[in-house]
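For reference, the structure discussed in these notes is given below.
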Ligand SMILES: NC(=O)c1ccc[n+]([C@@H]2O[C@H](COP(=O)([O-])OP(=O)(O)OC[C@H]3O[C@@H](n4cnc5c(N)ncnc54)[C@H](O)[C@@H]3O)[C@@H](O)[C@H]2O)c1
């Protein structure tokens, strides 16, 4: 297997680590991306994204001549598609956008020959692998002579290089033979289990995993609204309830962010709105939690304005979509700060994980604690958990939307 050449299409957070890992396992890998900067950077043995340990893998793979990046696909034996799968914005239920997947598929069609493997890793709606096969067939590829499969990625950003190897993988072929051939390929570089199924089940499996998280977070977020009305501390409540041996409630927050959990459940809802009622409601509950947070801050600003007689300054503590990272994509905290700014509020932000922001004035935590009239803690960054910091926040009447527990 290792004398095979692999062509990875899409060299982002998933494609580049996978390409570098396969190269370090002895495969000859060509990577393809439309982004010239990415291609140039990789060919210099460097990386254009932030991910621990990835730079060392890419440096040695490029130096050994086993990884080279191109702007266009190259002939290979194994093709792996790792391009984005966002949704179309607009009215009603967000619809999945698989244009990148289909365009990447068309771009390899001229190279695919009998016996080749074509694998989709992008998180995709059920039926996408089959749609790729239809696209290849239209382009003249003898699809009954190739092996096509879906193999979703489950890695956690920040731990990608470890999890790529250690996590269990699910492989679903369009035929049982394709499943086996692709399974054998993954077993050459994955130490976790490689579990076999069909393509549709594998596609649904990835969407199920992220919808499970979203539904469970929605339960916690819904509880937080009910508790706020009752004057109950939701985090204490959850701690107590979780002492039941069969209860494990997740933590509420300012909403749900990132480009996976907040996106993928819509792929299920869009395909079967009639049955996916809980999954849709969970998405709505989680989005609504962010709106509720904005409303709470506005109430606090109105109070501060009445008290001081001037325009209050709001400090949003945290902008990232989860604690202790610099990733702001689809972040509910950014959404909160954005919405307040758009409505004319005086907004500053504290985000210890970034140096600058093109929209928000960034303050140090100390400066925000000194100067802001309303403090809204949106992300549970470790810098906010210090006992003396929490004491100051508590004295200043900070609003805690992420459970930093101001009184401890
Ligand atoms: N990042 C994660 O943690 C993660 C985890 C699990 C699954 N996924 C899924 O993996 C897929 C890729 O995600 P990502 O985070 O790597 O995205 P990304 O945006 O980091 O990278 C995708 C790359 O594909 C390139 N691209 C787009 N169309 C192309 C084409 N036709 N030919 C060549 N290159 C093309 C883009 O320029 C970009 O560099 C998505 O479906 C995502 O949902 C991501």
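Only the coordinates and a few stated rules stand behind these numbers; no lab work does. Everything quoted here is computed from the prediction, not taken from an experiment. Cβ atoms come from the backbone with ideal geometry, glycine included; neighbour counts cover every protein chain shown.
Calculated on the Cα set of region 5-200, radius of gyration then Dmax: 15.8, 50 Å.
Applying 1/(1 + (r/R0)^6) with R0 = 45 Å to the Cβ-Cβ distance of residue 44 and residue 391 gives a FRET efficiency near 0.40. In plain terms, the residue of 188, 290 with the fewest other Cβ atoms within 10 Å comes first and the most crowded comes last, giving 188, 290. At an R0 of 41 angstrom, the distance between the Cβ atoms of residue 232 and residue 56 translates into a FRET efficiency of 0.25.
Using only Cα atoms, tell me the angle between helix 54-63 and the longest principal axis of the chain; keep it within 0 to 90° and round to the nearest 10. Relative to the chain, helix 54-63 is tipped by roughly 30 degrees. Length gained on full extension, residue 212 to residue 308: 30.0 nm, using 0.36 nm per residue less the C-alpha separation. Principal semi-axes of the equivalent ellipsoid, √(5λ) from the alpha carbon gyration tensor of the chain, are 44, 24, 19 Å from largest down. Placing dummy labels 7 Å off each Cα toward the beta-carbon, the span from residue 191 to residue 162 is 1.1 nm. Annotation: the antiparallel percentage among DSSP beta bridges lying fully within the chain is about 10.
Using a simple spin-label model with pseudo-atoms 7 Å out from Cα toward Cβ, residue 408 and residue 88 lie 4.8 nm apart. To test your reading of the geometry: what angle, between 0 and 90 degrees and rounded to tens, separates the Cα axis of helix 277-308 from the longest principal axis of the chain? With both axes taken from Cα atoms, the answer is about 30 degrees. Cβ crowding within 10 Å ranks 384, 267 as 384, 267, fewest other Cβ atoms first.
Once the Cα-Cα distance is subtracted from the 0.36 nm per residue extended length, the residue 272 to residue 2 segment shows a gain of 93.1 nm. If R₀ is 22 angstrom, what is the calculated FRET efficiency for the pair residue 72 and residue 97, using the beta carbon separation as r and rounding to 0.05? So, using R0 = 22 Å, E works out to roughly 0.50. In degrees, nearest 10, range 0 to 90: what is the angle between the Cα axis of helix 332-342 and the longest Cα principal axis of the chain? Long axis of 332-342 versus the principal axis of the chain: about 60 degrees.
Ordered by the count of other Cβ atoms within 10 Å of each Cβ, fewest first, 123, 208 give 208, 123.
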